[in-house]
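Participant: Mind looking over this structure? Questions follow.
The values are calculated or read from the model by the stated rules, or taken from the named source; none is laboratory data. Since the structure is predicted, the reported quantities are computational estimates derived from the model, not experimental observations. FYI the Cβ positions are ideal-geometry reconstructions off the backbone, even for glycines, and counts take in every protein chain you see.
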Amino acid sequence: MVACRACPRLVLWREQVAAEKRAAYRDQEYWGRGVPGFGDPKARILIVGLAPAAHGANRTGRVFTGDRSGDFLFAALHRVGLANQAEAVGIDDGLALTDVFITAPVKCAPPANKPTPDERAACRPFFEREVTALAAVKVVVVLGQIGYVAAASEFDLRPRPTFGHGVEVPLDDGRTILCSYHVSQQNTFTGRLTEPMFDAVLVRAIELAGAGRPGSSAGDRR
């Protein structure tokens, strides 16, 4: 997946951003490739976002790391006991997750955070393999509509209930899809998604999955 060049528009954008850089990060080497998921391989909770941020995961090489969305997400995971620290700034920052794995259905940073349907389809095999490998997952927390559609397609959910914050969708195999507004600045800065709202979703995910208990193994730090 890291070596994939299937989508010319995404490859051009991710590499252009990595070459031009943001002024605040001009002394850093950008990752500039596809970004894999990370976390606890024995996770009972899977969090599904949208795609890497241009100057976040596309810079650091770890999903949701180094941007405001990640600041919100990891602070919440720390509050509910699923992360060992509240900050995620780089792959060597010591962050470890317990009982949770985080990924995105689109692996490369898209212009304006808007991947095309063809780009989403090209990335789907990578997402499918990640989900298949996470055999212990009981709850899938989807962040936003695209994450919801990707998860619903993966689990062959038909008909698909309307997306909404806090909506729970039980699956035939006993797992549950749990919906949340995305942790984007557009949502968190405007108050559409608040810390208590998101914490409640994570607490519910823990209840449904029986996750976050002492003795669970922490995942890799990639």
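Participant: Considering only segment 93-120, how many residues are part of a strand (DSSP E or B) and either small (Gly, Ala, Ser) or under 14 Å from the mean Cα position of the chain (by Cα) (or both)?
Facilitator: Residues meeting the conditions: 5.
Participant: May I pose another question? Can you find a residue that is in contact with a strand residue (DSSP E or B) (Cβ under 9 Å, 6 or more places away or on another chain), in contact (Cβ under 8 Å) with a residue 24 or more places away in the chain, surrounded by fewer than 24 Cβ atoms within 10 Å (Cβ to Cβ) and small (Gly, Ala, Ser) anywhere in segment 99-117?
Facilitator: The answer is no; no qualifying residue exists.
Participant: Collect the residues in segment 34-92 that are out of contact with any Ser or Thr (no Cβ under 8 Å at 6 or more places or on another chain), more than 24 Å from Phe126 (Cα to Cα), assigned to a loop (DSSP other than H, G, I, E, B) and not polar (S, T, N, Q), keeping them in residue-number order.
Facilitator: Val80, Ala86, Glu87, Asp92, listed by residue number.
Here is a yes/no grid of residues against (1) more than 20 Å from Cys179 (Cα to Cα); (2) in contact with a Leu (Cβ under 7 Å, 6 or more places away or on another chain); (3) among the polar types (S, T, N, Q):
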| residue | (1), (2), (3) |
| --- | --- |
| Arg5 | yes, no, no |
| Val11 | yes, no, no |
| Ala57 | yes, no, no |
| Val63 | no, no, no |
| Ser69 | no, no, yes |
| Asp99 | no, yes, no |
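Participant: Considering only residues that are touching a helix residue (DSSP H, G or I) at 6+ places or on another chain (Cβ under 8 Å) and basic (Lys, Arg), look in segment 23-56 and name the one that is surrounded by the most Cβ atoms within 10 Å (Cβ to Cβ).
Facilitator: Among them, the one singled out is Arg44.
Participant: Given (1) surrounded by fewer than 21 Cβ atoms within 10 Å (Cβ to Cβ); (2) not in a loop (DSSP other than H, G, I, E, B), identify the lone condition not met by Ala136.
Facilitator: Only one criterion is unmet by Ala136, namely (2).
Participant: May I pose another question? Would you say Val142 is under 28 Å from Ala3 (Cα atoms), among the aliphatic types (A, V, I, L, M), modelled with pLDDT of 95 or more and in contact with a Cys (Cβ under 6 Å, 6 or more places away or on another chain)?
Facilitator: Considered against the rule, which asks whether it is under 28 Å from Ala3 (Cα atoms), among the aliphatic types (A, V, I, L, M), modelled with pLDDT of 95 or more and in contact with a Cys (Cβ under 6 Å, 6 or more places away or on another chain), Val142 comes out as yes.
Participant: Here is a follow-up. Of these, Gly174, Gly90, which one is without any contact (Cβ under 8 Å) to a residue 60 or more places away in the chain, of a type outside the set (Asp, Glu) and under 26 Å from Val11 (Cβ atoms)?
Facilitator: Gly90 is the lone residue from the list that is without any contact (Cβ under 8 Å) to a residue 60 or more places away in the chain, of a type outside the set (Asp, Glu) and under 26 Å from Val11 (Cβ atoms).
Participant: Tell me which residues, restricted to segment 84-96, are surrounded by fewer than 24 Cβ atoms within 10 Å (Cβ to Cβ) and not acidic (Asp, Glu).
Facilitator: Answer for segment 84-96, where residues must be surrounded by fewer than 24 Cβ atoms within 10 Å (Cβ to Cβ) and not acidic (Asp, Glu): Asn84, Gln85, Ala86, Val89, Gly90, Ile91, Gly94, Ala96.
Participant: Which residues, taken from segment 118-158, are of a type in the set (Lys, Arg) and in contact (Cβ under 8 Å) with a residue 24 or more places away in the chain?
Facilitator: Arg120, Arg124, Lys138, listed by residue number.
Participant: When you look at Asp99, is it on the phi > 0 side of the Ramachandran plot and not aromatic (Phe, Trp, Tyr), yes or no?
Facilitator: yes
Participant: Residues to consider are Val11, Val63, Val2; find the one that is of a type outside the set (Ser, Thr, Tyr) and crowded, with 17+ Cβ neighbours inside 10 Å. Walk me through how you get there before you give the answer.
Facilitator: On the way: Val11 fails: crowded, with 17+ Cβ neighbours inside 10 Å; Val2 fails: crowded, with 17+ Cβ neighbours inside 10 Å.
After ruling out the rest, the residue left standing is Val63.
Participant: Only one of (1) at negative phi; (2) over 14 Å from the mean Cα position of the chain (by Cα); (3) outside any strand (DSSP E or B); (4) in contact (Cβ under 8 Å) with a residue 12 or more places away in the chain is not met by Val169, so which one is it?
Facilitator: Failed condition: (3).
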